[in-house]
1. How high is the relative contact order of the range 142-192, in percent, counting Cα pairs under 8 Å that sit 6 or more residues apart?
2. Taking every pair of Cα atoms in the range 150-300, average 1/r, invert it to obtain the Kirkwood radius, and report Rg/Rh to two decimals.
3. Once you list every other residue whose beta carbon is under 15 Å from the beta carbon of ALA359, what net charge do they have if Lys and Arg are +1 and Asp and Glu are -1?
4. Rounded to the nearest 500, what is the 222 nm mean residue ellipticity of the chain from helices alone, with -39500 (n - 2.57) per DSSP H run of 4+ residues and division by all residues?
5. So how do CYS305, CYS181 line up by other beta-carbon neighbours within 10 Å, fewest first?
6. By the scheme Lys and Arg +1, Asp and Glu -1, what is the net charge of all other residues having a beta-carbon under 10 Å from that of GLY155?
7. Can you find, among THR317, ILE259, GLY241, the residue sitting farthest towards the positive end of the charge dipole of the range 233-327, where Lys and Arg contribute +1 and Asp and Glu -1 at Cβ?
8. Mind pulling the per residue volume of the convex hull built on the Cα atoms of the range 19-81? Å³ is fine.
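Just so it is clear, none of the values below were taken in a lab; they were calculated from the coordinates. Since this is a predicted model, take the numbers as computed values, not measurements. Ideal geometry is used to build each Cβ from the backbone, glycine not excepted, and the neighbour counts take in all protein chains shown.
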Amino acid sequence: MIWLHLLVVLGAILLGARLGGIAIGYAGGLGVLALAVLGVTPGDMPLDVVSIIMAVIAAIAAMQVAGGMDWLVDVAARLLRRNPRHLTFLAPVVTFLMTVMAGTGHTAFSTLPVIAEVAKENDLRPARPLSIAVVASQIAITASPISAAVLFFSGLLEESGTGVDYLGLLAVAIPSTFLACLATAAVLTVVDRARGRTRLSDDPEYQRRLAAGTVVPPRPAGQAREVRPGARLSVAVFGVGLLAVMAYATLISEKAGVITDPVMGRDQAIIAIMLSVAAVIVLTCRVEPAQVLTASTFRSGTSACLCVLGVAWLGLTFFAAHEDAIQHAAGDVLAGQPWLLAVALVLASALMYSQASTARALMPTALAMGVAAPAAVAAFPAVSALFVLPTYPTLLAAVEMDDTGTTRIGKYVFDHPFLAPGMIAITLSVAFGFAIGAVVL
């Protein structure tokens, strides 16, 4: 029956991927229902992950309405325009840092237009900085102190008695993913220069669109968007909340041992702190609460929650029903070659479209199979292979925002400019993770 159940799971995920958007979550629920009809008891719902995402999104949306996101984007735009020759390196740095701070890769939506404009202004092909920036925004989820994926995985490591805690995970994940993104930019810059594919004016598709008059002129470099008076304050409040989450997680960790009997667990603390951040922003920055519900980050975050709920529940249902068989079949292989966990995570995340969903579904089983904690931590960035299929929202946004035609999806499913940067970045992240983990953990 395991193969029939696997077909149901894959069929539901592929249906969701074909429909796109929030339908991925719908299809996950449909898959759970189909498995239940076949006699499979539904697994635990990932309400812990969903709750964390909702709380973080609530704070980010309040900051966006207060003008904080616009201010951050203007800061990023000034940085990029002052250093256009290093755009391929700075673009992923900007999206990486914004994702680490916000705990969601959807912040890239605001910076992708700036990256495309700066590239056009300086005769650079937008495809390369855009593709690496999108990949960096996805991988940075595994380095964010407030992302649902990090909080779940660190909690799992602590509960399993592995000796690796929240701080240990971040000590490996942050440098390994950041260095991997920079190294990916360096590798692809060398490749592009060797192939003579750096200048936008040399691209035939751009020349065709330019002749047809379909390329929109870039915004004047000195033109900045209007920022609300409370924008900087909202960013400051959110930053204090981020520091509070990290500080509390540090104080209650077993290694620090400052608070040995905490009143709140880490998940409860981040939810309470993020909701409090949203409340303070609404009070001090004169934000109308009704506007938060219409903010783009709130809408995309709600969609992400439903996708996680459906797809992660489907994955948990399948793995819970066949945990013994999976452990028996793959346990010895993973224990002997733990790097194969990264391969499994890439394949799973490419279909599940969520770092948190992939971690929630596979990591408990991996640890139960005997994968050592340092190896699991090193493989953790592989849950970010959301770029494999060209249907993820930020990926599609990059394609739409590049009217030069250099960032385009080909006739075949996998011939798009995000696959190579993504696979290089994940491979390097895992490799760096093993090296750094050997020293830190």
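1. Result for the range 142-192 is 32 percent.
2. 1.13
3. Residues near ALA359 contribute -4 overall.
4. Numbers: 20 runs with 311 residues, N = 441.
That comes out to -23500 deg cm²/dmol.
5. With the fewest neighbours first, CYS305, CYS181 line up as CYS305, CYS181.
6. Here the charged neighbours net out to -4.
7. The one lying farthest along the dipole's positive direction is GLY241.
8. Considering the Cα atoms of the range 19-81, their hull volume per residue is 126 Å³.
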